[in-house]
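Undergrad: Quick one: structure below, then a few questions.
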Amino acid sequence: MQKMEKAAHTPPGSRGAHLSTMLRTWRISPPALILLAALAIAPLLIKDQYFLRLLVISLFFGVQAMVFDFTAGYINAVNFGFAAFVGVGGYTSALLVLDLGVNPWLGLIAGAVAAGILGFITGILTLRLRGIYVSLMAWFVGLAMMAIATAMADVTGGFRGLIVPPLYETATMTSHYYILLLIGVLIYALLRAIIRSRVGLAFRAIGQNFEAARASGVDPTKFKVINFTLSCACAGLFGAYYAHFIGILSPDIMGTSHTVEVLAISYIGGRGSLLGGLVTAFFFVPIFDYLKSLMEIRLIIYGLLLTLTMILYPAGLAGLFKKIARAARNLQKGEK
């Protein structure tokens, strides 16, 4: 009873401080909390299956952009083979389920592990290089994986593709959305916790000034491989999920166009922001789906938007939102 009375008489400012402390402990920023709340209630307000599907696809691309930004935005390494790791996750899960009868949920984990292992090997071979050579080597790995998936038609189905069973028989669009949202939230919490740790400090040091980071005792190759491996494992997890969601898997999933789309969404959202790409996906994916006549030239449009962003406002949408929030706080202080 005394505890209840004490809680009832707690000053509002103190409660706000407790909430702020809790958010910092769980590594959750207020904008992230607001975005999470909006994403959580969206399916409750939208009943149309077409729009629900758009939400799922937007979330799928948005979380991929977040994972892509974890590498490009923090260690300054652009993974042009990103789509290949998505495809490796998808094929690993699909083949285990179809050929060995593995539970699809275990297939998701296996897809993440397989893509992570390939990412580790690729990182060891490529991340000792610097500049554009890293991107080119990752791109060559992606092209090689796509060629293998196409050539091994007896195993992968080649261009015909594979018919992949769903995660469970009664899956609905709403349940798919919430599963993907849960995975996305867990990955965001993991990546943000890493970024705010000593490991994340090493990532930022490498991305901002490679030579200075090495001179201060940071092993660039070690931390870049850690980052790259984790990013590829997350890509494989989403590739496995995508395979069971769409139901059809072909080598096209490994195409460079998929990587370019994720890259553009990530950069337009703002490098080093994580959430910027997620928000951007909810703008562009529905727009391109609505304007289906533009689908064939969407990569050109993405390229133009990416060029304009890097010339006019390199910080992207995340930087713009921060600037607006900073101006609002300054205005509020001025009024006081």
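Just so you know, all these numbers are worked out from the coordinates, no wet-lab data involved. Values in this document were obtained by computation on a predicted structure and should not be read as measured data. Methodologically, a virtual Cβ is constructed for each residue, glycine included, from the backbone with ideal geometry; neighbour enumeration extends over all protein chains shown.
Undergrad: Pairs of lysine in the chain with Cα under 29 Å and at least 8 positions apart or on different chains: total?
TA: For the chain, the number of qualifying lysine pairs is 6.
Undergrad: Scanning the chain for chymotrypsin sites (Phe, Trp or Tyr not before Pro) in DSSP loops with at most 16 other Cβ atoms within 10 Å, what's the longest stretch left with none?
TA: 169-336
Undergrad: I've got another one for you. Quick one: compute the contact order of the chain, relative version, from alpha carbon pairs under 8 angstrom and 6+ residues apart, as a percent.
TA: Dividing the mean separation by the residue count of the chain yields 30 percent.
Undergrad: Compute the label zone of Ile121 within the stretch 143-166: residues whose backbone N is under 20 Å from the point 7 Å along Cα-to-Cβ.
TA: 143-158
Undergrad: Only counting other Cβ atoms within 10 Å, I'd like His244, His258 sorted with the fewest neighbours first.
TA: If I rank by nearby Cβ atoms, fewest first, I get His258, His244.
Undergrad: Using a Gaussian network model of the chain with C-alpha springs under 10 Å, which one of Leu167, Leu249, Leu312 is most mobile by mean-square fluctuation?
TA: Of Leu167, Leu249, Leu312, the most mobile in the Gaussian network model is Leu312.
Undergrad: Binning at 10 Å from 0, report for the stretch 265-315 what percent of all alpha-carbon pair distances ends up in each bin.
TA: 27, 51, 21, 0
Undergrad: In the stretch 31-335, with Lys and Arg counted as +1 and Asp and Glu as -1 at Cβ, which of these residues, Ile301, Leu136, Phe321, has the Cα nearest the positive end of the dipole, that is, farthest along it?
TA: Farthest towards the positive pole: Phe321.
Undergrad: Using only the alpha-carbon atoms, how far is helix 82-100 inclined from the longest principal axis of the chain? Give it as 0 to 90 degrees, nearest 10.
TA: Taking Cα atoms only, the helix is inclined about 70 degrees.
Undergrad: Then there is this: Name the residues whose placed amide hydrogens come within less than 5 Å of the amide hydrogen of Ile248, ignoring near sequence neighbours (fewer than 5 apart) on the same chain.
TA: Those qualifying (amide H under 5 Å, at least 5 residues apart or on another chain) are Val164.
Undergrad: Taking the chain as the reference, fit the longest principal axis to its C-alpha atoms, fit the long axis of helix 12-25 to the helix C-alpha atoms, and give the angle between the two in degrees, 0 to 90, nearest 10.
TA: The helix 12-25 is inclined about 30 degrees to the chain.
Undergrad: Here is a further query. Quick one: if the Förster radius is 56 Å, what FRET efficiency do Leu182 and Met310 give, using the C-beta to C-beta distance and rounding to 0.05? All intermediate terms of the calculation are to be shown ahead of the outcome.
TA: On the way: r = 33 Å, r/R0 = 0.60.
Efficiency for this residue pair is about 0.95.
Undergrad: A follow-up question, please. Report the Cα centroid-to-centroid distance between the stretch 156-230 and the stretch 85-138 in angstrom, as an integer.
TA: First find each Cα centre; the distance between them is then 12 Å.
Undergrad: By how many degrees, 0 to 90 and rounded to 10, does the Cα axis of helix 220-246 deviate from the longest principal axis of the chain?
TA: Roughly 70 degrees between the two axes.
Undergrad: Compute the FRET efficiency between Ala147 and Lys47 as 1/(1 + (r/R0)^6), taking r as their Cβ-Cβ distance and R0 = 51 Å, and round to the nearest 0.05. Intermediate values should be presented prior to the final figure.
TA: Numbers: r = 43 Å, r/R0 = 0.85.
Efficiency for this residue pair is about 0.75.
Undergrad: Using the basic label-point model (7 angstrom from Cα toward the beta carbon), what is the Ile301 to Ile132 distance in nanometres?
TA: 2.9 nm
Undergrad: Can you give the calculated 222 nm mean residue ellipticity of the chain, where each DSSP H run of n ≥ 4 adds -39,500 (n - 2.57) and the sum is split over every residue, rounded to the nearest 500 deg cm²/dmol?
TA: For the chain, the value works out to -25500 deg cm²/dmol.
Undergrad: Any idea what diffusion coefficient the stretch 31-335 gets from Stokes-Einstein, in µm²/s, Kirkwood Rh on alpha carbon pairs, 20 °C, 1.002 mPa s?
TA: It diffuses with D of about 108 µm²/s by this estimate.
Undergrad: Same structure, new question: Pick from Val63, Val86, Val164: which residue has the top mean-square fluctuation in a GNM of the chain where Cα pairs under 10 Å get a spring?
TA: Val164
Undergrad: If I take R0 = 25 Å and measure r between the Cβ atoms of Thr172 and Leu36 in this structure, what FRET efficiency does the formula 1/(1 + (r/R0)^6) give, to the nearest 0.05? If you can, show how the numbers build up before the last one.
TA: Values: r = 21 Å, r/R0 = 0.85.
The formula returns an efficiency of 0.70 here.
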